Amino acid sequence: MDDLKLRAATFHRDALVWDSHACLPLHPDADVGALERHRAAGVDFVSVNIGMDMNPLPQIMAVIASFRAQLQARPERFVPVDDARDVERARAEGKLAVAFDLEGGVPLGERPEMVQLFYDLGVRQIHLAYNRNNSIGGGCYDQDVPLSDLGRRVVRAVNAAGMLMDCSHTGYRTSMEIMALSDGPVIYSHANPLALAANGRNIRDDQIDACVATGGIVCVNGVGRFLGDPEAGTSAILRHIDYLVQRVGADHVGLGLDYEYDLGLDQDPPGYDRAYWFPPEHGYGKDGPRLRIAVPEQFPEITEGLLGMGYAEADVRRILGENMLALAGRVWRPRRSH
Ligand SMILES: [Zn+2]
């Protein structure tokens, strides 16, 4: 091992590493033990998806129930997250802290008070639309529509619950209105600069700036299509991080690699129309059998890459996780006692 590799390995082991978005199959039989790969890669916290706009509420509830029960049954390995202090405890004990995120507002059933219910079930991050428009606002692959009156009420409910507001997958106009309206920081949990890779899921410079103006963080996505690199190589991830750091500074950059654990379970809801949610005109279905997504094992390579680029150690620590930990510390609040 050369000096940089040795230094980076030690540095990575000591640093707090935060993955703002990963996916297990949306199936109650999915084994959360698969997340051990995250822990082995030096990750201390991961936000796991528990549903998208196309998933029926009973499917989402079954997944939450199963994942919660599995996490609670393995206290030697996992810490289900209530607030940011749980993440620090997990790290100190060498465990993986896990929270949930909801990708879209359809599962709220047009009831803003459902936000608090999902919060009580462990959901700590939400975006209001998933790729397509809904009654709350616009998705990134649909007509560019404003946030609806219902959407304004949902934004207030997300702020009131202390949940992280996330504009990934959201349409341009809706995202700009959410960021103007939200009285708390807004993040992009897994979205990349459009300037480096042309795809409707990526975000314009003024969206990046608006996110930062809320005190928010943009977390770089590891999906090859959004990196502009089908191989989802670490060098492409580093390019996206560096673009953001040059534009808005290291205090507003994080990581959400969007890795999908493929455990061979069928998670498609009945009548699911893949081409509607993932439109072929945006490049879906043209990537061969499976588009590459960055794997958890690339986290240590990201650390080594940033140190190799001459980034200050304090900045690398912020990007790896300290930015998101501080933000969660400000936004999340401990569950009310019942
Ligand atoms: Zn997503």
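The values are calculated or read from the model by the stated rules, or taken from the named source; none is laboratory data. The shown structure was predicted, so the numbers you read here are calculated from the model rather than taken from an experiment. Here Cβ is always computed from backbone atoms with ideal geometry, including for glycine, and neighbour counts include all displayed protein chains. For the accessible areas, the whole protein counts, side chains as well, though only heavy atoms, and no ligand, DNA or RNA atoms are used. Shrake-Rupley method; radii C 1.70, N 1.55, O 1.52, S 1.80 Å.
Comparing mean-square fluctuations of Gly184, Gly264, Gly162 from a GNM of the chain with C-alpha springs under 10 Å, the top value falls on Gly264.
Name the shape class, rounded, prolate or oblate, that the alpha-carbon gyration tensor gives for the chain, where a ≥ b ≥ c are the square roots of its eigenvalues, rounded holds for a/c under 1.5, and otherwise prolate holds if a/b is larger than b/c and oblate otherwise.
Verdict is rounded for the chain.
If you sort Arg173, Arg318 by accessible surface, 1.4 Å probe, largest first, the order is Arg173, Arg318. Counting only heavy atoms of the protein chains and using a 1.4 Å probe, Lys5 has close to 90 Å² of accessible surface. For Leu6, the accessible surface of its heavy atoms amounts to roughly 100 Å² (probe 1.4 Å, protein chains only, rounded to the nearest 10).
Per the 1.4 Å probe, what fraction of the accessible area of the chain, in percent, lies on carbon and sulfur atoms? Of the solvent-accessible surface of the chain, carbon and sulfur hold 50 percent. Helices in the chain that qualify as membrane-span-like (whole DSSP H runs, Cα extent of at least 15 Å along the helix axis, mean Kyte-Doolittle hydropathy of -0.5 or higher) are 57-73, 149-161, 234-248. With the alpha-carbon atoms of the range 137-222 aligned to their principal axes, the span from lowest to highest coordinate is 35, 27, 20 Å, starting with the largest. With bins 10 Å wide beginning at 0, the percent of Cα pairs of the range 247-296 falling in each bin runs 17, 36, 31, 14, 2.
Return one whole number: the accessible area per residue of the chain in Å², for a 1.4 Å probe. Display every interim value, and only then the final one.
Values: 13200 Å² over 338 residues.
For the chain, the solvent-accessible area averages 39 Å² per residue.
Computed with a 1.4 Å probe on the full set of protein chains, the accessible area for Tyr172 sits at about 60 Å². Taking GluC sites (Glu not before Pro) as exposed when DSSP calls them loop and at most 14 other C-beta atoms lie within 10 angstrom, the chain has its longest site-free stretch at 114-230. Going by accessible surface with a 1.4 Å probe and the largest first, Tyr276, Tyr261 read Tyr276, Tyr261.
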